[in-house]
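Working notes, beginning with the structure itself.
Rule-based calculations on the coordinates, nothing more; no lab input. Just so you know, these numbers come straight off a predicted model, no measurement behind them. Quick reminder, even Gly has a Cβ in these numbers, built from the backbone with ideal geometry, and neighbours come from all protein chains shown.
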Amino acid sequence: MSESDKKPLSAREKIAKLRATFLEQLPGRIVQAQASLERLKADLGDETAAADLHRFLHSIKGTGRSFGFRELGEAAAIGEDLAGELIAVPRRPPPEGWQGRLEASLTALAAVTATSTTAGGTPDRKADDVIGMTTDQAAGADQTNTRLIYLCDDEPLILEQMATQLACFGYQTTSFTEPQELHDAVLARRPDAVVMDINFPQGHNAGTEVLKELKRETGRVVPAIFLSGRDDFAARLAAVQAGGEAYFRKPARALELVGALDALTSQQQPEPFRILIVDDEPEMASFHSIILREAGMVTQQVIDPAQVLNVLQEFRPDMVLMDMYMPQCSGRDLAKLIRQLPSYVGVPIIYLSSETDKEKQFSAMRVGAEAFLTKPVVPGELVAAVAIRAERMRTLRSLMARDSLTGLYNHTTTTQFLDNALAAARRSKGTVGFVMIDIDRFKSVNDTHGHAVGDQVILALSRLLQQRLRNSDIVGRYGGEEFAVILQGVTLEIAQRLVDALREDFSRVVFHSEQGDFSSTFSAGIAQFPDYPRLEMLREAADKALYEAKRAGRNRVVIDSASQAAKEPPQP
C-alpha cells in the first residue's frame, strides 16, 4: 500500500502512538535522572543537577497523568517537591533523608514503567476519558455562493423593487404573490431565507401562518424576515412566533433589509483559532495539539523556547499555551519576554502545568498570564479555556483593525495586507491587483441629504464589496468615501470586469432621504503587481488611474497606463 493510500490516523490512534513513544523513551530518561541524582550526592550545591531532576519529575507527573498512567504520575510526585527544595540549597538546609527518598521515587518510577511497558502501554483509564470530541471543522469555500431568497408580497411593484435592489448585492431572488405558492416552492427547494408580508387577502396573518405550517410539515424553521404596513404588538408577536428574525415596516430601506439578510444567511466560515503550544515535552505538546485540532483549531508546536520569537512573527497566534518548567527559562520568564513585544503585549497566555502550588501559580500569573490549568486537564475544559480567551483576543484585534462604521479593514490594516500579498506574490511569481475606489460627488450627497444619509451610501458600497467579492479578496476603507480592494491571482481583464459590474450594480441602488430618492456612483482605478514591484509604486499607480477616471467624467473604471500597456499584445 502506498503512503497516499493509507487511511489518516484518528485522534485516538495518534494519542496511542504518543503514549507508546512516551513509554519507550521513559527508561532512558530515568537513567538520565539517576545520573542527576548521583551528581547531587557528590555536590549538593549543584543547582543544575537539582533543576534537571526537578524538571524531569515535574514533567513525568504531568505527562503520565495526562496520558492516563496514574501510578507513573504518583511515583513522580513523590520526588518532585523534594527536588524543588534542593534547588534552594545552600540558601537553606536540605530536607532530611533526601537521598533515600529521591532514590525511592526513581525506583518506583522504573518499576511502574516496566509494568506499563509489559502491559503494552495500557493506560489506567479509558481513551474516551482522554479525548471525547469529534472534528467539526468545515473548510469554507473560497468563493461565496449565491444565496437564494424567496420574496412574497401581494403587491407586484414592491416585489420588483425588492428583487432589483437585492440583486445588486448578489442575492438570487424568486418572487411569489400568494402564500400557497411560497409554501409549495419551499417544499420543492428550501431557500436561504424568506422575505414576506404578514397580511394577504387570504387573512391578516396569512404570511405567518404559512411559515408555521411549513414548520409543522418539515420540522424545520424557515429563516424569515417580515415586512408589513402594521406596527402593532400583535403583528410583531405573530412574526416572532412564526420564527421571524427581523421585522420592517413598509417601505423597508434596501440597506436595512440587506443588513438583516447578511446576518441571517452568512455563509462565511470563521477563521479557526491559531494556538501556539510551547512545551519542551514533544509528546505533551502533540497531545494538547491533537485535542485542540479536534476542536477545529490550528496549532503550532515549539519545543525549544528560543524559537518562540521567530514562530510568533510567522504564525501570529491568537493565544499561547505554555508549560511552566522548561530548559533555559521558566514559563514565567518566557511570558514576561513575550509581554515586552509591542505586537504581543495583549496576546492571551495560559500556563498548562502539573504545578499545584497556588503561590507559584499566582506568581507566574503576575506577569500577565490569563489562566493556569493543572495537568492532567480535561479536554473539554482545555478547549473551552482556550476558545474563550482566543475569541476575546480576536475581537480586540478586530476592533483595532477595522473601521467602526463599515466593519471593513482600516487604512493601516489594509496596507499591511497589501504588503503581505505582494510578498506572497513575489515568492509564487503571482499577480496582485490593487483597486482604488472613490464615491463620486460625495460632498454633494452630504450637503444635500445630510451626513447620516451619506453614511448610508458608504455602508451600501461596503456591503456590496463584501458580498460580491471572494473571501480571499481584501476590502478596506482607506478613509472618508475612499475604498481599497486587493485582488490576488486575477488578470487585469477579470479585475476590470468585476469592478465594472460592481460599479453598475451600485449605481442601481436607491437611497431615501427627506429631500427625495437618489442614486450614487463610484469611480475606480486599477494597477497590478508585478508591473509595479513596490507597494508605494502600486498604490500611487492605482491612485493616478482613479484620478484619470474622475477627470474623464466619473462613474467609470480605468486601468493604469503601464498595466494596460503590459496586458496589450505588442504591435507587429
Original post:
In nanometres, what is the gap between the two model label sites at Ser428 and Lys250, each 7 Å from Cα along Cα-to-Cβ?
Top reply: 4.9
Subject >> Whole-Å semi-axes of the ellipsoid equivalent to segment 148-265 (Cα gyration tensor, √5λ, descending) >> reply: 19, 16, 14
Subject >> Among Gly207, Ser175, Ile158 the positive-end extreme of the charge dipole of segment 148-265 (Cβ point charges) >> reply: Gly207
Original post:
Between Glu355 and residues 5 or more places away or on another chain, which pairs have amide H atoms under 5 Å apart, with H built 1.01 Å from N, and which residues are they?
Top reply: Lys375
Subject >> Label-point separation in nm, Asp517 to Glu391, each point 7 Å along Cα→Cβ >> reply: 4.2
Subject >> Whole-Hz couplings from phi, Karplus 6.51/-1.76/1.60, listed for segment 22-27; x for Gly and Pro >> reply: 4, 5, 5, 7, 4, x
Original post:
Using θ = phi - 60° and the Karplus curve 6.51 cos²θ - 1.76 cosθ + 1.60, what whole-Hz ³J(HN,Hα) does each residue of segment 449-457 get, with Gly and Pro shown as x?
Top reply: 10, x, 5, 5, 5, x, 4, 5, 5
**OP:** Let me have the relative contact order for segment 9-124, percent, based on Cα pairs under 8 Å that are six or more residues apart.
**Re:** 30
Subject >> Rg and Dmax of segment 493-554, Cα atoms only, in Å >> reply: 14.9, 48
Subject >> Gain on full stretching of the segment that runs from Ala188 to His204 - 0.36 nm per residue minus C-alpha separation >> reply: 3.2 nm
**OP:** Before anything else, pin down the relative contact order of the chain: Cα pairs under 8 Å, at least 6 apart, normalised by residue count, whole percent.
**Re:** 11
Subject >> Spatially proximal aspartates and glutamates relative to Lys443 (Cα-Cα < 15 Å; intrachain offsets below 8 disregarded) >> reply: Asp455, Glu481, Glu482
Original post:
Counting every Cα pair in segment 411-567, what percent are over 24 Å apart?
Top reply: 31
Original post:
Using the scaling law 2.2 N^0.38 Å as the reference, what is the normalised Cα Rg of segment 240-303?
Top reply: 2.01
Original post:
Listing Ser472, Ser286 from the residue with the fewest other Cβ atoms within 10 Å to the one with the most, what is the order?
Top reply: Ser472, Ser286
Subject >> Three semi-axes of the equivalent ellipsoid, segment 9-124, Cα gyration tensor, whole Å, largest first >> reply: 29, 12, 12
**OP:** Would you mind ranking Arg441, Arg477 so that the residue whose beta carbon has the fewest other beta carbons within 10 Å leads the list?
**Re:** Arg441, Arg477
**OP:** Over segment 148-265, calculate the relative contact order: mean separation of alpha carbon pairs under 8 Å at least 6 apart, over the residue count, as a percent.
**Re:** 23
Subject >> Distant alpha-carbon pairs in segment 274-400 (separation over 20 angstrom), percent >> reply: 37
Subject >> Computed FRET value (nearest 0.05) for Ala501 with Ser10, which takes r as the C-beta separation and R₀ as 35 Å >> reply: 0.15
